[in-house]
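The values are calculated or read from the model by the stated rules, or taken from the named source; none is laboratory data. Because the structure is a prediction, the values reported are computed rather than measured. Cβ placement follows ideal geometry from the backbone for every residue including glycine, while neighbour counts extend to all protein chains displayed.
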Amino acid sequence: MSDRLLVCLLLILPLIPSRSAWGGPVQPPTGPFIEKIFERDTGAADFDLDLEEFITHDGLKRRTLVHIPSDNQGTKPLPVVLNFHDEGKGPESQRRESQMNRLADQYGFMVVYPEATGKALRFDMDDVGFVSDLLDHLQDHYQIDDKRIYATGLGNGAAMAYGLASELPNRIAAVAAVDGVMGEDTPGPKRAVPIVHFQGLKDEKISDQAVSNTIAQWMEVNNCLEKPVGVNTEQYFVMERYEPAPGERGAPVVLYKLTNIGHQWPLGPFNAGAIMWEFFAQHPFNTIHP
């Protein structure tokens, strides 16, 4: 540990409240196969401390970052956003690129950044079991709202979010995908899940046909009409909203086509994170699902 980091920690530790985010004495949650350290980098909101956890799944030690809102007092269960990184990147990169921690502090939700495995650091459908175990751990050791568990990600991480909606539809309340589509080995969706998809029109990694196929799959299972119920054209995007017929059960599918942007998380004038959280907040689990 560098002298500079040690000095920073000594300055910060006295500012930590005497009661934890879980409402009791300061003591991080513990459990089998769990290790935790505190860290801070440029991806976290100012002066926030994120948890780094290691959970053993199928004999493999898996790493995850957890961000708890800075002003959380443990008085009510927290919504959870699973935020998956793109291929070849990692949790710190996704935390930095999405800037989701700042939104979490503003709106009061937990952000969880799982890490993929292998040389390519790529998520695949074998990771569904790991995420299921991770959700079990969060429910056991944190005060979370199991009706408000959401999934998002960039690129390969978006494909993972779609995979969870297909494989764990009874646990995932809604999905927001950024420049990513359903994987070829992902089973087709079986249950309506609210979807919002952000697609950069200059993305050279994801084909228009792959996006169309993914949107069509979810429109079908969500019982949406073929024509959008609303279209909004702005400077930075075109938004199409698809919904079931009035009085019919199902879930919405919202597509944002982003002009002048490639394969990246949209920030600046068009903040994908802020828009997806507004979407998530409107869709707790089983509000309109069949």
Can you tell me which residue is nearest to residue 121 (Cα to Cα) among those in the range 147-169 that are among the polar types (S, T, N, Q) and touching a residue at least 40 places away in the same chain (Cβ under 8 Å)? 156
For residue 196, only one of the following conditions fails: (1) free of Cβ contacts under 8 Å to residues at least 40 places away in the same chain; (2) touching a helix residue (DSSP H, G or I) at 6+ places or on another chain (Cβ under 9 Å). What is its number? (1)
Under the condition of being among the small types (Gly, Ala, Ser) and either free of Cβ contacts under 8 Å to residues at least 12 places away in the same chain or within 18 Å of residue 177 (Cα to Cα) (or both), which residue from the range 60-103 is surrounded by the most Cβ atoms within 10 Å (Cβ to Cβ)? 98
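For the range 233-240, state whether one or more residues are crowded, with 17+ Cβ neighbours inside 10 Å, under 17 Å from the mean Cα position of the chain (by Cα) and within 26 Å of residue 149 (Cβ to Cβ).
Our first condition is that a residue be crowded, with 17+ Cβ neighbours inside 10 Å; within the range 233-240, this holds for 237, 239-240.
From the residues that got through so far, the ones that are under 17 Å from the mean Cα position of the chain (by Cα) too are none.
Taking every residue of the range 233-240 in turn, none turns out to be crowded, with 17+ Cβ neighbours inside 10 Å, under 17 Å from the mean Cα position of the chain (by Cα) and within 26 Å of residue 149 (Cβ to Cβ).
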Search result, residues across the range 216-240 that are closer than 11 Å to residue 256 by Cα and among the aliphatic types (A, V, I, L, M): 231, 238, 239
Being hydroxyl-bearing (Ser, Thr, Tyr) and over 19 Å from the mean Cα position of the chain (by Cα) is the filter here; which residues of the range 241-285 pass it? 242, 259
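Considering only strands (runs of 3 or more DSSP E) fully contained in the range 1-100, which possess at least 3 residues that are at pLDDT 90 or above and closer than 18 Å to residue 112 by Cα? Write out each step before concluding.
Values: elements: 35-39, 50-57, 60-67, 78-84.
It comes to 50-57, 60-67, 78-84.
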Pairs with Cβ under 7 Å, 6+ apart, first in the range 261-278 and closer than 19 Å to residue 83 by Cα, second surrounded by fewer than 17 Cβ atoms within 10 Å (Cβ to Cβ) and among the charged types (D, E, K, R): 263/204; 263/205
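Would you mind stating whether residue 185 is surrounded by fewer than 18 Cβ atoms within 10 Å (Cβ to Cβ), in a strand (DSSP E or B) and touching a residue at least 24 places away in the same chain (Cβ under 8 Å)? Explain how you work it out, then say what you get.
Values: surrounded by fewer than 18 Cβ atoms within 10 Å (Cβ to Cβ): yes; in a strand (DSSP E or B): no; touching a residue at least 24 places away in the same chain (Cβ under 8 Å): yes.
Criteria not met by residue 185.
Each row is one residue, and each column tells you yes or no for (1) part of a strand (DSSP E or B); (2) more than 17 Å from residue 86 (Cα to Cα); (3) modelled with pLDDT of 95 or more; (4) under 11 Å from the mean Cα position of the chain (by Cα).
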site: 134; (1), (2), (3), (4): no, yes, yes, no
site: 148; (1), (2), (3), (4): yes, yes, yes, no
site: 165; (1), (2), (3), (4): no, yes, yes, no
site: 172; (1), (2), (3), (4): no, yes, yes, yes
site: 180; (1), (2), (3), (4): no, no, yes, no
